Structures are given as C-alpha cells and as structure tokens.
Amino acid sequence: MPGSPRYVAPPQRPDLFSAMAAGGGDCFGVLVVADPTDDQLEELAGGGGHAVVQLHGEESVERCHALGQRLGVRLWKALRVRRPEDLEKAAAYAGAVEALLLDAWQPGQLGGTGHRIPIDWLEGFRPPMPWWLAGGVGPDTAADLLARLRPDGLDASSALEERPGVKNLARVADLVAAVRGATTG
C-alpha cells in the first residue's frame, strides 16, 4: 500500500514475484492492498505473478464477492480486531474469500504494527474458512500461538525486521524453524 515501508510499486512486482517463484518450494505471491478501486483491477488481476490478493481495508462482503468474480485470483480478507465482538464478522465472509487474516486494530494503521490480539479472545475461534494470525508473530511466539490457537497460518512482518521494510534473514530462518518444530513435533 502506498505510504507503507513495505510498499512495492506495480512495475517492480513481477520481478519480485518471479524471483520468489524461482526459489521453489510451496511459496506463492500475496499482493496486499486496501480498498482497491475499479481502476486498479487490472494490476490486481492474475498474471502479475501473485496468486493471492489480500484485502486489508474496509472491504465489505459484497465488495469481496465482486472482486472475486472480476480478478481471477484467490482472495484473503484481513480483519482488524479491536474487541472480541469483531470476531463475529468472520462468518459473513464465508464464500466471499478463501481465508481470513486477523490482525490487531491500531488507530490510523492497517497492519504491520506488531501489536497482538489478546490470545484469550481467540481461544476457541473457529471460522468457517482457514484463518491466519498476524501481529507480534515471531520466532519466540510462533510455537505457542500454533499450539494454543491452531490457526491455519501465521503472518509475520515487523517482528522479523531490522527496520520497517528490511527483513532480518536470521530471524526469518528462526521463525521457519520454530514453525517446523511446532508442526512436526
């Protein structure tokens, strides 16, 4: 998203996604956007190297349905959780998106803050589609989060950075090791 330290301009995205794909494995490109307008649909559609568009704004269920029909890529919807009642919104997105990403609400920020949703709010959370947890996810927290909450995935960003937008590859490797240890043990 423009203004984010992690923003990648549209002309640079195909090279980034191509380099990632060349690395092999089960990785796929995720393009994060907020409240895309109809004039952005061409750059969000399949063919840009990404397999998923993650909607991180205020997109309604209806907007997600419309985008899913027009883009031809997988859609994930980020829900910013401010209070436990916000989790009730999750079920409404069933059939409109493939998966949810839960992140802590912070005023004026759409994500990447490192703030965590209180764990007790999420215990027993079982939406009707896969869900990923973001916010404060790093090598030191991954095993516990996976064991206690059983999300389908973890989204880590700020906990792996030396500074916004610059990953510490040793911390990334530590996170991968922690997830592998938690899921194979």
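The values are calculated or read from the model by the stated rules, or taken from the named source; none is laboratory data. No experiment lies behind these values; they were computed from the predicted model shown. We place every Cβ from the backbone using ideal geometry, glycine too, and count neighbours over all the protein chains shown.
Of all residues in region 118-130, none satisfies being within 20 Å of Arg6 (Cβ to Cβ) and either touching a Cys at 6+ places or on another chain (Cβ under 9 Å) or free of Cβ contacts under 8 Å to residues at least 12 places away in the same chain (or both).
All conditions in (1) touching a strand residue (DSSP E or B) at 6+ places or on another chain (Cβ under 9 Å); (2) modelled with pLDDT of 90 or more; (3) not aliphatic (A, V, I, L, M) hold for Asp38, with the sole exception of (1).
Within region 95-110, the set of residues being modelled with pLDDT of 95 or more and small (Gly, Ala, Ser) comprises Ala96, Ala99.
Any chance region 68-91 includes a residue that's small (Gly, Ala, Ser) and free of Cβ contacts under 8 Å to residues at least 12 places away in the same chain?
Keep residues of region 68-91 that are small (Gly, Ala, Ser), which gives 68, 72, 78, 90-91.
With free of Cβ contacts under 8 Å to residues at least 12 places away in the same chain added as a condition, the list becomes none.
No, because not a single residue in region 68-91 is small (Gly, Ala, Ser) and free of Cβ contacts under 8 Å to residues at least 12 places away in the same chain.
State whether the residues of region 111-124 include one that is modelled with pLDDT under 90, within 18 Å of Glu88 (Cβ to Cβ) and crowded, with 20+ Cβ neighbours inside 10 Å. Checked region 111-124: at least one residue is modelled with pLDDT under 90, within 18 Å of Glu88 (Cβ to Cβ) and crowded, with 20+ Cβ neighbours inside 10 Å.
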